[in-house]
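A quick write-up on the structure given underneath.
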Amino acid sequence: MGETPRDETPTTPTRRGFSRRALLGTGAGALAVGAGLGAAGRPAVAALEDALGDHEPQDVVDFHGEHQAGIVTPAQDRLCFASLNVLTKDRAELISLLKDWTAACRRITRGLDVTETGFDGGSEYAPPQDTGEAHDLSAAHLTVTVGFGRSLFQDSSGKDRFGLKAHLPKGLIELPHFAGDQLEDARTGGDLCIQACADDPQVAVHAVHNLIRMGFGVVSTRWMQLGFGRTSSTSTAQATPRNLFGFKDGTANLKAEDSAAIDDHVWVRDDSWLSGGTYLVARRIRMILETWDREALSGQEKIIGRTKGTGAPLSGGEEFTPVDLNMMGSGNQPIVPVDSHVRLAHPDTNHGVQMLRRGYNYADGTDTLGNMDVGLFFIAMVKDPATGFVPIQKKLAREDALSEYLRHTGSGLFAVPPGVPADENAYLGQQLFEA
Ligand code: HEM
């Protein structure tokens, strides 16, 4: 049995002071949300609100909304990302899993166990319904974002798997091979993705762990990636973090507060099921630190196009001073070099295209030669991958001086459906399955 006595008023302290799971997850007045109904037959969402009462959960990002959380949500510090294969051939079974995931997400994003029964409240002869590792932790700003891969709509021979082929969104393309790509099958593709972000890695892993566990026999894990230290700021309220090359990353990123730009570059707006959603591009990019670390400071700065200290553009000013790509320096060469990352990725050299970057550092030990397998798990949210990602990545792969220090080893593209309304019967992906 777990630490929290099931019939006591729980006051379990956590890193953030208070555990919602301890209060509600296994207590006598706990909720039955899995089936969409509360213990007394009350609708799940209303029952959840009632039970939370005056105790406003801490560290909570609302799961419900027009858009899924985890996109314009200020980037949390930790990531657990999973790509899944769908095993079942039964559309109803897949929908049922998405409904169960929705019910679970409503709870875990409030800091609760996945079901009322929780991690220690069920039969001693059955596996616990919640795996338990986050029971004493707060919600930690957990967001769970689910996406659909192209292979969910049609298999490699074009066969319609779940009656969804007619709804394959136009942006869910096969990503082309980019120069220098060294993609590993075991880190590429997938029918579904789950992006869990939180302040606490254990909370993020718990979310993915439990959603996978709930899908036993229906889905299987294809690949998984942990990330730490967000490599972008997605809100003007956030300081710009640094990536593993030591440079500020996210300075010129789209910010949630700029809703007009987010509308222009992130949200799909059409009459399809995906309207209000977006596309998530994931690239596991190994950074060859052993070579980079031998590059002189001035060389590193020329490769990026910004200073390492403040992150200001090489054309001058402070971190947020707009870069002047036309300023000339010595030898009649542009101060921001023609092969610098910032110049090549800048909207002015890409027909105005921008993306919402939301990646994380990763460190996965060493390779067989003892070199560090570390890098950037690049995530970008874009309105249309064919125009908003592919041309830029094609150019970076060929011309960016940074490419010499990078190796793309994994890749995924997913359509991220719009958000789930706070309605008892609403579920993740409903817009697609009822289109
Ligand atoms: C490990 C790989 C990468 C590293 C280390 C890296 C690093 C950086 C850094 C330090 C900046 C400047 C600060 C900022 O504005 O955020 C930057 C900007 C940017 N990066 Fe990357 N990046 C990487 C991969 C990519 C990829 C794959 C893409 C897209 C295909 C991309 C797109 C951008 C964009 C759009 C900007 C902003 C350019 C601007 O408007 O000034 N980056 N990156």
Looking across segment 294-317 at residues that are in a loop (DSSP other than H, G, I, E, B) and of a type in the set (Lys, Arg), the single one that is surrounded by the fewest Cβ atoms within 10 Å (Cβ to Cβ) is ARG294
Tell me yes or no: at least one residue of segment 260-279 is more than 9 Å from the ligand (Cβ to nearest atom) and in a strand (DSSP E or B).
yes
Note on segment 127-152: residues out of contact with any strand residue (DSSP E or B) (no Cβ under 6 Å at 6 or more places or on another chain), among the small types (Gly, Ala, Ser) and assigned to a loop (DSSP other than H, G, I, E, B) are GLY132, ALA134, SER138, ALA139
Within segment 63-118, of all residues that are in a loop (DSSP other than H, G, I, E, B) and small (Gly, Ala, Ser), the one most open to solvent (accessible area, probe 1.4 Å) is GLY65
Kindly establish whether LEU172 is closer than 21 Å to GLN430 by Cβ and assigned to a loop (DSSP other than H, G, I, E, B). yes
Screening ASP199, ASP191 for residues that are modelled with pLDDT of 95 or more and over 30 Å from LYS308 (Cα atoms) leaves only ASP191
Out of (1) open to solvent by less than 10 Å² (accessible area, probe 1.4 Å); (2) of a type outside the set (Asp, Glu); (3) over 13 Å from the mean Cα position of the chain (by Cα), the one GLN195 does not meet is (3)
Output for Cβ contacts, cut-off 8 Å, separation at least six or different chains, first residue without any contact (Cβ under 8 Å) to a residue 24 or more places away in the chain in segment 366-392, second open to solvent by less than 50 Å² (accessible area, probe 1.4 Å), reads THR366/ASP373; ASP367/ASP373
Exactly one of THR221, THR236 is of a type in the set (Val, Ile, Thr) and within 16 Å of the ligand (Cβ to nearest atom), and that residue is THR236
Look at ARG242 and say whether it is among the basic types (Lys, Arg), in contact (Cβ under 8 Å) with a residue 24 or more places away in the chain and touching a strand residue (DSSP E or B) at 6+ places or on another chain (Cβ under 6 Å).
no
Reported set for segment 318-336 where residues are without any contact (Cβ under 8 Å) to a residue 12 or more places away in the chain and surrounded by 15 or more Cβ atoms within 10 Å (Cβ to Cβ) is PRO334
Output yes when any residue across segment 219-228 is modelled with pLDDT of 95 or more, on the phi < 0 side of the Ramachandran plot, touching a strand residue (DSSP E or B) at 6+ places or on another chain (Cβ under 8 Å) and not in a strand (DSSP E or B), and no when none is. no
The number of residues in segment 175-216 that are part of a loop (DSSP other than H, G, I, E, B), touching a residue at least 40 places away in the same chain (Cβ under 8 Å) and farther than 18 Å from LEU94 by Cα is 12
The residue that is nearest to TRP273 (Cα to Cα), considering only those in segment 168-181 that are in contact with a helix residue (DSSP H, G or I) (Cβ under 6 Å, 6 or more places away or on another chain) and open to solvent by 40 Å² or more (accessible area, probe 1.4 Å), is LEU168
Taking segment 91-119 and the residues there that are acidic (Asp, Glu) and in contact with a helix residue (DSSP H, G or I) (Cβ under 9 Å, 6 or more places away or on another chain), the one that is farthest from GLY190 (Cα to Cα) would be GLU116
Residue hits (segment 257-272; under 15 Å from GLU66 (Cα atoms) and hydrophobic (A, V, I, L, M, F, W, C)) are ILE262, VAL266, TRP267, VAL268
Notebook entry, point to check: Does segment 130-142 include one or more residues that are of a type in the set (S, T, N, Q) and touching a residue at least 40 places away in the same chain (Cβ under 8 Å)?
Noted result: yes
Note: among ASP373, ASP384, just one is under 30 Å from GLY65 (Cβ atoms), of a type in the set (Asp, Glu), open to solvent by 10 Å² or more (accessible area, probe 1.4 Å) and more than 10 Å from the ligand (Cβ to nearest atom), namely ASP384
When every residue in segment 238-272 that is among the basic types (Lys, Arg) and under 30 Å from LEU168 (Cα atoms) is compared, the one surrounded by the most Cβ atoms within 10 Å (Cβ to Cβ) is LYS255
Does any residue of segment 211-221 turn out to be touching a Lys or Arg at 6+ places or on another chain (Cβ under 6 Å) and either more than 23 Å from LEU244 (Cα to Cα) or open to solvent by less than 60 Å² (accessible area, probe 1.4 Å) (or both)? no
Apart from one, (1) within 10 Å of the ligand (Cβ to nearest atom); (2) surrounded by 16 or more Cβ atoms within 10 Å (Cβ to Cβ) all hold for PRO391; the odd one out is (2)
**OP:** Would you check if ASP423 is open to solvent by 40 Å² or more (accessible area, probe 1.4 Å), within 13 Å of the ligand (Cβ to nearest atom) and more than 26 Å from GLY190 (Cβ to Cβ)?
**Re:** no
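The values are calculated or read from the model by the stated rules, or taken from the named source; none is laboratory data. All figures in this text were calculated on a predicted structure; none of them were measured in a lab. Glycine gets a Cβ as well: all are built from the backbone with ideal geometry, and neighbour counts include every protein chain shown. Side chains are part of the model used for accessible areas, which takes the heavy atoms of the whole protein and leaves out ligands, DNA and RNA. Shrake-Rupley method; radii C 1.70, N 1.55, O 1.52, S 1.80 Å.
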